[in-house]
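J.: Attaching a single structure in structure tokens format; questions to follow.
The values are calculated or read from the model by the stated rules, or taken from the named source; none is laboratory data. Note that the coordinates shown come from a computational prediction; the quantities given were computed from them, not determined experimentally. Positions of Cβ are backbone-derived with ideal geometry, glycine not excepted, and every protein chain shown enters the neighbour counts.
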Amino acid sequence: MTHPVIRTHPETGKQDLFVNYAFTARITDLSKPESSLILDYLHKHIQRPEFIVRYRWKPGSLAFWDNRCTQHFAVNDYLPHRRVMHRATVLGDKPYYRAA
């Protein structure tokens, strides 16, 4: 599947990065080394502290986010407690890019 590296949010019209470690293999139309360089840069960029939200779970907590414009990384910091999670995924739109 091919998607834009920068996508336009269908509701807000804002643009965001649409790459992640797990699913982005390479950037089309670039050589493999060029693609790797840019993706490495983008992966480091999205991990900058000013982009990170650290959610502190409490009994009865509920969290949700918009995967169209959010990176998610679960941290295994709850041991010895048990984490129970129920996930719902809504079928979404096809990612697209529209210049601002």
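Listed here are the residues, each with its yes/no results for (1) aromatic (F, W, Y); (2) over 24 Å from E11 (Cβ atoms); (3) touching a helix residue (DSSP H, G or I) at 6+ places or on another chain (Cβ under 7 Å).
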{"position": "R54", "(1), (2), (3)": "no, yes, no"}
{"position": "R68", "(1), (2), (3)": "no, no, no"}
{"position": "R87", "(1), (2), (3)": "no, no, no"}
{"position": "V90", "(1), (2), (3)": "no, no, no"}
{"position": "K94", "(1), (2), (3)": "no, no, no"}
{"position": "Y97", "(1), (2), (3)": "yes, no, no"}
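J.: Does Q47 satisfy the criteria of being without any contact (Cβ under 8 Å) to a residue 12 or more places away in the chain and either at positive phi or polar (S, T, N, Q) (or both)? Talk me through it step by step, then tell me what you get.
T.: Details: without any contact (Cβ under 8 Å) to a residue 12 or more places away in the chain: yes; either at positive phi or polar (S, T, N, Q) (or both): yes.
Criteria met by Q47.
J.: Out of curiosity, is H3 touching a residue at least 24 places away in the same chain (Cβ under 8 Å), surrounded by 10 or more Cβ atoms within 10 Å (Cβ to Cβ) and part of a loop (DSSP other than H, G, I, E, B)? Walk me through it before giving the result.
T.: Values: touching a residue at least 24 places away in the same chain (Cβ under 8 Å): yes; surrounded by 10 or more Cβ atoms within 10 Å (Cβ to Cβ): yes; part of a loop (DSSP other than H, G, I, E, B): yes.
Against the criterion (touching a residue at least 24 places away in the same chain (Cβ under 8 Å), surrounded by 10 or more Cβ atoms within 10 Å (Cβ to Cβ) and part of a loop (DSSP other than H, G, I, E, B)), H3 qualifies.
J.: Suppose we filter the range 6-27 for residues that are within 30 Å of D77 (Cα to Cα) and either within 13 Å of the chain's Cα centre (by Cα) or not in a loop (DSSP other than H, G, I, E, B) (or both); how many remain? Walk me through it before giving the result.
T.: Pass one, the range 6-27, residues within 30 Å of D77 (Cα to Cα): 16-25.
Right, trim to either within 13 Å of the chain's Cα centre (by Cα) or not in a loop (DSSP other than H, G, I, E, B) (or both) and you get 16-24.
Summing the residues that are within 30 Å of D77 (Cα to Cα) and either within 13 Å of the chain's Cα centre (by Cα) or not in a loop (DSSP other than H, G, I, E, B) (or both) in the range 6-27 gives 9.
J.: Here's a follow-up. From L30, L62, L79, grab the single residue that is part of a loop (DSSP other than H, G, I, E, B), over 16 Å from the mean Cα position of the chain (by Cα) and modelled with pLDDT of 95 or more. First the steps, then the outcome.
T.: Values: L62 fails: modelled with pLDDT of 95 or more; L79 fails: modelled with pLDDT of 95 or more.
Answer to the selection: L30.
Every residue, every condition in (1) modelled with pLDDT under 95; (2) surrounded by 10 or more Cβ atoms within 10 Å (Cβ to Cβ), yes or no:
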position: P10; (1), (2): yes, yes
position: V19; (1), (2): yes, yes
position: E34; (1), (2): no, yes
position: K58; (1), (2): yes, no
position: N67; (1), (2): yes, yes
position: V84; (1), (2): yes, no
position: T89; (1), (2): yes, no
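J.: Applying the selection to the range 55-76, what residues are farther than 29 Å from D93 by Cβ and among the charged types (D, E, K, R)?
T.: R56, K58
J.: Can you tell me which of Q15, Q71 is surrounded by 12 or more Cβ atoms within 10 Å (Cβ to Cβ) and modelled with pLDDT under 90?
T.: Details: Q15 fails: modelled with pLDDT under 90.
The conditions single out Q71.
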